[in-house]
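Quick note: the coordinates plus some simple rules give every number you see, no bench work behind them. Predicted model, so just to flag it, every value in this text is computed and none were measured. Positions of Cβ are generated from backbone atoms using ideal geometry, with glycine treated the same way; all protein chains shown enter the neighbour counts.
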Amino acid sequence: MGDHVQPRLVLLGKQGAGKGTQATRLADHFGVPHVSTGDMFRALAAQGVEAGLEAKRYMDEGDLVPDDLVIAVVEGCLEPGGPLDDGFILDGFPRTLPQAVELDRVLDGRPLDLVIELDVPRAVVLERIAGRRVCEQCQRVYHVDMPPQLDWVCDSCGGKVRQRDDDTEAAIDRRLDHYERRTVPIIDHYRTQSRLAVVDGIGDGDDVFERMVKIVTERIRD
Ligand code: ADP
Ligand code: ZN
């Protein structure tokens, strides 16, 4: 084992690739915090915090939240001595090249261990997102084909399970276009840094999880 077994990871993938679910599982497995910028914005908006309300206006349209706003919200956690000092799974950040450059800067001297791209074709994610339902409280993800046991009440926390405001077909299309244009360039950025691993995101969730754990474990052992 190397110095740390608590990895610093970024998860990339199209909307609906299963990023959120896998990020939660990886965070449990490795005992590090799971940081989802989407969840952070939704929580801030629910609390009526101005930054969150502003972010929500972009999110509901299927647009990316502007870089300065994203960076202002996330950066505090990433600074040395902050809550993410001992490893993390970043889910949804960075999403643009300027955000990736900013992340490199703020991590100064404590680089990422690995960036995992969860690879799923567009047609598959479209089908998945259209049926996606999410718990309002704990953000647990369900699907119309795999609902909670009781009438759209969350199995984990009793919260209300519903379709997200930005999971409409038009918004999904826009988000996938943004992914191609804005997020794919950061894949090259990390490939150049030799930090990229591509994991096949098709198939059983448990299998995908095992693939990811294996690749992370190999990486942090080196
Ligand atoms: P999904 O992966 O399905 O898009 P998320 O919860 O990760 O779900 O993000 C929801 C929305 O939040 C995005 O469509 C975008 O508007 C906004 N968002 C989240 N993270 C970022 C980011 N790093 N940069 C810009 N916008 C972001
Ligand atoms: Zn819940």
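A few comments on the model shown:
- Tally, over segment 8-54, of residues that are over 24 Å from ASP177 (Cα atoms), away from ligand 2 (no atom under 16 Å from the Cβ) and either part of a loop (DSSP other than H, G, I, E, B) or without any contact (Cβ under 8 Å) to a residue 40 or more places away in the chain (or both): 10
- Here VAL125 meets the list (1) under 26 Å from VAL184 (Cβ atoms); (2) in contact with a strand residue (DSSP E or B) (Cβ under 6 Å, 6 or more places away or on another chain) almost entirely, failing just condition (2).
- ASP68 satisfies every condition listed in (1) loosely packed, with under 14 Cβ neighbours inside 10 Å; (2) in contact (Cβ under 8 Å) with a residue 40 or more places away in the chain; (3) within 13 Å of ligand 1 (Cβ to nearest atom) except (2).
- A single entry from ARG133, ARG110, ARG105 fulfils the requirement of being more than 18 Å from VAL216 (Cα to Cα), outside any helix (DSSP H, G or I) and charged (D, E, K, R): ARG133.
- Candidates ASP173, ASP165, ASP188, ASP177 - the one that is assigned to a helix (DSSP H, G or I) and under 16 Å from ARG132 (Cβ atoms): ASP173
- Among the residues of segment 116-153, those that are within 16 Å of ligand 2 (Cβ to nearest atom), closer than 14 Å to GLY205 by Cβ and more than 15 Å from the chain's Cα centre (by Cα) comprise ARG132, TYR142, HIS143, MET146.
- Some residue of segment 186-202 being touching a helix residue (DSSP H, G or I) at 6+ places or on another chain (Cβ under 7 Å), of a type outside the set (Val, Ile, Thr), more than 27 Å from LYS56 (Cα to Cα) and within 16 Å of ligand 1 (Cβ to nearest atom): yes
- Number of positions in segment 200-216 that are in contact (Cβ under 8 Å) with a residue 60 or more places away in the chain and in a helix (DSSP H, G or I): 7
- Every residue from segment 156-197 that is of a type in the set (Ser, Thr, Tyr) and within 16 Å of ligand 2 (Cβ to nearest atom): SER156
- Taken as a whole, the condition of being crowded, with 19+ Cβ neighbours inside 10 Å and within 16 Å of ligand 2 (Cβ to nearest atom) does not apply to GLN99.
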